[in-house]
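Comments concern the structure below.
Nothing in this text is a laboratory measurement; each read-out follows from the coordinates by a stated rule. These figures come from a predicted structure and were not determined experimentally. Cβ placement follows ideal geometry from the backbone for every residue including glycine, while neighbour counts extend to all protein chains displayed.
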Amino acid sequence: WQMVDFGGTLQPVWIVPEAHLAGWHEGSAPLGAPGNTIINGHNWPENAVFRDLYRVEAGDRIILYSGDTPSVYRVDEVLLLREAGQPLEVRQANARHILPTDDERVTLVTCHPYGQLTYRLIVIARPTESAQPGAGTQ
């Protein structure tokens, strides 16, 4: 997080990676550990890491790598939450999806639609024991 001045009011803003990279939220769970692993990325420009994240559906598999080690997850929820122009209470309610959890999960976060900040697209996935890393969405 970094604090940015918006019209005289300091607001916390995510420190986001370059467009072609995904960023792990410091303080969220490490990949493969109990808790909520938060990963954010851009949906634009053309080479953006989450450009096609809006295509993911419940039941899809996601394979994430920590170094050379794959972890396979099944998408449980895909949420599209309005952010632009919303009161603080709504944005805080939306943020509950990036809070710590007791169960192992991965939460992917980007903006939507392409090149805009109107909505947050949130994909929540949980580990799957039986899946083999060789197919699915990466």
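In table form, for the structure just shown:
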| item | result |
| --- | --- |
| Exposed GluC sites (Glu not before Pro) absent - longest run of the chain, DSSP non-H/G/I/E/B, at most 12 other C-beta within 10 Å | 58-128 |
| Relative contact order, percent, the chain [alpha-carbon distance under 8 Å, six or more residues apart] | 26 |
| Ellipticity estimate at 222 nm from DSSP helix runs (n ≥ 4, -39,500 (n - 2.57)) divided over the chain, nearest 500 | -1500 deg cm²/dmol |
| Net charge of neighbours whose Cβ lies under 14 Å from the Cβ of residue 64, counting Lys and Arg as +1 and Asp and Glu as -1 | +1 |
| DSSP-loop chymotrypsin sites (Phe, Trp or Tyr not before Pro) across region 12-58, with at most 13 other Cβ within 10 angstrom | 14 |
| Shape of region 14-67, Cα gyration tensor, a/c cut at 1.5 | oblate |
| Cα radius of gyration and Dmax for the chain (Å) | 15.1, 52 |
